[in-house]
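S.K.: This structure is in structure tokens; I'll ask about it shortly.
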Amino acid sequence: MKNFIKMFLFTYFVFNVSLASCTETNNMSTPGLIVFAQNITAPVCITNAGDNRLFVVNQRGQILIINPDGNINSIPFLDITDRVTFGGERGLLGLAFHPQYETNGYFYVNYVGRGDSTHISRFSVNSSNSSIANQLSEEKIMTIFQPYTNHNGGDLHFGKDGYLYIGFGDGGSGGDPGNRAQNLMDFHGKILRIDVNNGNPYSIPPSNPFAGSLSVLNEIWAYGLRNPWRFSFD
């Protein structure tokens, strides 16, 4: 699945062709491409929920489902275009399924909304239809104002430790004019790590580098970053 997804992304962004998977030509030596899925606009993230479907994040505010045969569901899994501010580096930017998604139906998104604020929100899948999310189930986990329209970060992942990691850019413009990435009382320019399974709406993992500090934001896991648009675990 990892290699498939890498080729999936590489094909769309580098060759600017339809989303594709890897195959071989007749001489069995030269890599080739076949069309897998097409007519997807503004894709910024691809992930899965532990099954054989692919979930594609459309920056305008939708999450689409691509089935194993390459067909795209006509109804988006999630459509929050009415809540998303789209343009440039803004929009619906990240998606992560809870490690226990199969039983709790929770997934988390990162988007820029009204007032140029980044929202980290939890949604739930529709209890009677696994192909559609409950549009009204949004629970805000975190909201952070963005001083500029760029360097919003955008990625989020659950680690093997079960904690949610969130990437925030330095707030934008150029050269981090507010020195936010080095400011340990500012979320910008950081990767945060939080425990969404405890607390309201979350708690601080006791192993966080600054857990228990009164002079540093306890959510910070790494700092001094320009724009963690995408990250992954090795």
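The values are calculated or read from the model by the stated rules, or taken from the named source; none is laboratory data. Everything numeric in this text was worked out from a predicted model, so none of it was measured. Note that each Cβ is placed from the backbone with ideal geometry, even for glycine, and that neighbours are counted across all protein chains shown. Side chains included, ligands, DNA and RNA excluded: accessible areas come from the protein's heavy atoms. Shrake-Rupley method; radii C 1.70, N 1.55, O 1.52, S 1.80 Å.
S.K.: Can you figure out the FRET efficiency of ASN71 with LYS140, using R₀ = 25 Å and their beta-carbon distance, to the nearest 0.05? Walk me through the intermediate numbers first.
M.R.: Values: r = 33 Å, r/R0 = 1.33.
My answer for the efficiency is 0.15.
S.K.: So, one more: Excluding PRO209 itself, calculate the net charge of residues whose Cβ lies under 15 Å from the Cβ of PRO209, where each Lys or Arg counts +1 and each Asp or Glu counts -1. Spell out each step's value before the answer.
M.R.: Working: positive: LYS190, ARG193; negative: ASP161, ASP195, GLU219.
Once all neighbours under 15 Å are counted, the net charge is -1.
S.K.: Still on this model: Against the longest principal axis of the chain, how steep is helix 2-15, in degrees 0 to 90 to the nearest 10, with axes from Cα atoms?
M.R.: The helix 2-15 is inclined about 80 degrees to the chain.
S.K.: Now, a different point. Classify the chain as rounded, prolate or oblate from the Cα gyration tensor: take a ≥ b ≥ c as the square roots of its eigenvalues, call it rounded if a/c is under 1.5, otherwise prolate when a/b beats b/c and oblate if not. Don't jump to the answer; show the numbers that get you there.
M.R.: Working: a/c = 1.75, a/b = 1.49, b/c = 1.17.
Prolate.
S.K.: Sticking with this one: Which value, in Å², gives the accessible area per residue of the chain when a 1.4 Å probe is used on the protein heavy atoms?
M.R.: Working: 11590 Å² over 234 residues.
Per residue, the chain has 50 Å² of solvent-accessible surface.
S.K.: Enter the Cα centre distance for the pair segment 197-211 and segment 49-94, rounded to the nearest angstrom.
M.R.: Comparing the Cα centres of segment 197-211 and segment 49-94, I get a distance of 29 Å.
S.K.: Got the relative contact order for the chain handy, in percent, Cα pairs under 8 Å and 6 or more residues apart? Provide the component values of the computation, followed by the final result.
M.R.: Details: 546 pairs, mean separation 24.9, N = 234.
Relative contact order, the chain: 11 percent.
S.K.: Looking at the square roots a ≥ b ≥ c of the eigenvalues of the Cα gyration tensor of segment 134-217, which shape do they give, rounded for a/c under 1.5, prolate if a/b is larger than b/c, or oblate? Don't skip to the end; give the middle numbers.
M.R.: On the way: a/c = 2.02, a/b = 1.27, b/c = 1.59.
In terms of gyration-tensor shape, oblate.
S.K.: Taking 0.36 nm per residue of sequence separation and subtracting the Cα-Cα distance, how much length would be gained by fully extending the chain between TRP229 and VAL35, in nm to one decimal? Intermediate values should be presented prior to the final figure.
M.R.: Working: separation 194, 0.36 × 194 = 69.84 nm, distance 2.70 nm.
The span from TRP229 to VAL35 would gain 67.1 nm if fully extended.
S.K.: Which of the three applies to segment 58-128, rounded, prolate or oblate, going by the alpha-carbon gyration tensor with a ≥ b ≥ c and a/c under 1.5 meaning rounded?
M.R.: Since a/c reaches 1.5 but b/c is at least a/b, the shape of segment 58-128 is classed as oblate.
S.K.: A further question on this structure: Considering only DSSP states other than H, G, I, E and B, which trypsin sites (Lys or Arg not before Pro) in segment 160-234 qualify as loop sites with at most 11 other Cβ atoms within 10 Å? Show your work: numbers first, answer last.
M.R.: Values: sites: LYS160, ARG180, LYS190, ARG193, ARG226, ARG230; in loops: LYS160, ARG226, ARG230.
Those that pass, being in a loop and sparsely packed, are LYS160.
S.K.: Which chymotrypsin sites (Phe, Trp or Tyr not before Pro) in segment 190-233 pass both tests, a DSSP loop state and at most 12 other beta-carbon atoms within 10 Å?
M.R.: Numbers: sites: TYR202, PHE210, TRP221, TYR223, TRP229, PHE231, PHE233; in loops: TYR202, PHE210, TRP229, PHE231, PHE233.
Qualifying residues, ordered by number: PHE233.
S.K.: Continuing with the same structure: Measure off, as a whole percent, the carbon and sulfur share of the 1.4 Å-probe accessible area of the chain, all protein chains present.
M.R.: Values: 5720 of 11590 Å².
Result for the chain: 49 percent of the exposed heavy-atom area is carbon or sulfur.
S.K.: Right, here's the next one. Using label points projected 7 Å from each Cα along Cα→Cβ, tell me how many nm separate ALA42 and ASN126, to one decimal.
M.R.: 2.3
S.K.: For Cα pairs less than 8 Å apart in space and 6+ apart in sequence, what is the mean separation divided by the residue count of segment 106-147, i.e. the relative contact order in percent? Walk me through the numbers before you get to the answer.
M.R.: Working: 75 pairs, mean separation 16.3, N = 42.
The normalised contact order for segment 106-147 reaches 39 percent.
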